[in-house]
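Here the structure comes first, spelled out in structure tokens, and everything after it is commentary.
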């Protein structure tokens, strides 16, 4: 089980995959993903030759399945596997090289890339692992979104501090392009590995450490990089030496709110390779239920890994730590075995020294994965005048929607609650059994999908669609969704290609707030 296909098969055996066999217009894709906590496989997106998979690791149980451990043992398993980082295996060829498109053959609109949120600046690739070289000659890996600009270009979000942003800035200083590749459609363990940091010279060793099988790499065709042989797609390209020139966004961000449009670099895609009968992958980001999004789940485990390292240095006996996905990693609950007076508050201070904004520390007899037990500990084991810590002007992230729209640096107040029991409390407590966990599809989802699958697509001539979109823009700038809304029954690919053609043909431009307008 070392690629996306085998993992989807395992999800199906666990009854955790919604497999859609009928043709469905991808204009409906976002609604389907938001309606279920299951992974979803569109076997026949209307107008495309590839399948589309999403929400592959959108619950903690799915990540547990990917690592083959119970979901409550993810953090200790992760720590154990990162103790040994094997070398990947280099191959001359692999499944991802089955089909190749180079230069003028490259067409991003042939990929089933859908609009995720109504106010997004456009469709974007959200499950791409970006691959570059680091200063030591090894590989640096990350997960970043790519907004489709036209058939051969995307933008890439490089505003936040990262190793890739540093590498790009060094290339800009030299006036050079930066080689980059994007692997799409992989085993969930690889996505998790991209978010972690280790001292390894080559980040591929981290992937090899978490892979359920040996990690196999193959060379790219047009850039000097290695990519996973079992990926579904690889996009090869270069980052423009022109700098931050392209308006990108806004997007539905991982905190459950929209970010702002801003300037980012342009990526030129020089080649696309993919497997036979490929499965394109998308990641669910933001939305009303953050606990069943992939950014919520992967970000949660990434933060737990970081916080565990910090807790180990702060107190003698940390037991476990959990970042509820609904808090977007700004909240944390830690269980400890106090051995010294003040351990609860020391643990809190350690947690609040990171990006965590709200933290609770409890004893190890409290189930930190059960909100009811955590709430019980807060109300029965803490006193507000004694056990609350408020930190002023703490470290924050710019995307926090509670912050005023101001220039950096960004500061936030932070709250910690020490809910560990004192010596005066009785030692015993009532034991409450864990309630059963139910995952239910939204009522009527099957009916909706059946109707959507039977709906006859609207036929409209390409030149008519172009003219109608330009007419809409005569009234002023529009969001991408505004352009698509009047044509909900038109095949998704025709809409995507029309906007891409108008952009590459110089008829459209982006305003500073990310909307489209006529040139």
Q: Could you tell me which residue of the range 218-231 is surrounded by the most Cβ atoms within 10 Å (Cβ to Cβ), considering only residues that are under 21 Å from the mean Cα position of the chain (by Cα) and part of a loop (DSSP other than H, G, I, E, B)?
A: 231
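So that you can scan it fast, the table gives a plain yes or no per residue for (1) within 26 Å of residue 421 (Cα to Cα); (2) part of a loop (DSSP other than H, G, I, E, B); (3) modelled with pLDDT of 90 or more; (4) over 24 Å from the mean Cα position of the chain (by Cα):
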| position | (1), (2), (3), (4) |
| --- | --- |
| 255 | no, yes, no, no |
| 267 | no, no, yes, no |
| 286 | no, yes, no, no |
| 332 | yes, no, yes, no |
| 341 | yes, yes, no, yes |
| 347 | yes, no, yes, yes |
| 354 | yes, yes, no, no |
Q) Name the residues in the range 56-91 that are loosely packed, with under 15 Cβ neighbours inside 10 Å and touching a strand residue (DSSP E or B) at 6+ places or on another chain (Cβ under 7 Å), would you? A) 89, 90, 91
Q. Out of curiosity, is residue 48 modelled with pLDDT of 90 or more, under 19 Å from residue 495 (Cβ atoms) and surrounded by fewer than 23 Cβ atoms within 10 Å (Cβ to Cβ)?
A. yes
Q. Does residue 216 fit the bill of being farther than 26 Å from residue 85 by Cβ and either modelled with pLDDT of 90 or more or out of contact with any strand residue (DSSP E or B) (no Cβ under 8 Å at 6 or more places or on another chain) (or both)?
A. no
Q.
Scan the range 232-248 and tell me whether some residue there is at pLDDT below 90, surrounded by fewer than 24 Cβ atoms within 10 Å (Cβ to Cβ) and assigned to a loop (DSSP other than H, G, I, E, B).
A. no
Q) Among (1) in contact with a helix residue (DSSP H, G or I) (Cβ under 8 Å, 6 or more places away or on another chain); (2) buried (at least 24 other Cβ atoms within 10 Å of the Cβ); (3) farther than 30 Å from residue 307 by Cβ, where does residue 214 come up short? A) (2)
(Q) If the requirement is being under 30 Å from residue 494 (Cα atoms) and either more than 30 Å from the chain's Cα centre (by Cα) or at pLDDT below 80 (or both), which of these qualifies: 388, 465, 399? (A) 465
Q: Among the residues of the range 207-217, write down those that are part of a loop (DSSP other than H, G, I, E, B) and more than 20 Å from the chain's Cα centre (by Cα).
A: 212, 213, 214, 215
Q: State which residue is surrounded by the most Cβ atoms within 10 Å (Cβ to Cβ) when the search covers only the range 312-327 and only residues that are out of contact with any helix residue (DSSP H, G or I) (no Cβ under 6 Å at 6 or more places or on another chain) and either assigned by TED's automatic domain parsing to the domain that holds residue 30 or touching a residue at least 12 places away in the same chain (Cβ under 8 Å) (or both).
A: 322
Q) Can we say residue 180 is touching a strand residue (DSSP E or B) at 6+ places or on another chain (Cβ under 8 Å) and farther than 30 Å from residue 68 by Cα? A) yes
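The values are calculated or read from the model by the stated rules, or taken from the named source; none is laboratory data. What you see is a predicted model; the values in this text were computed from it and never measured. In this analysis, Cβ positions are derived from the backbone assuming ideal geometry, glycine residues included, and neighbour counts consider all displayed protein chains.
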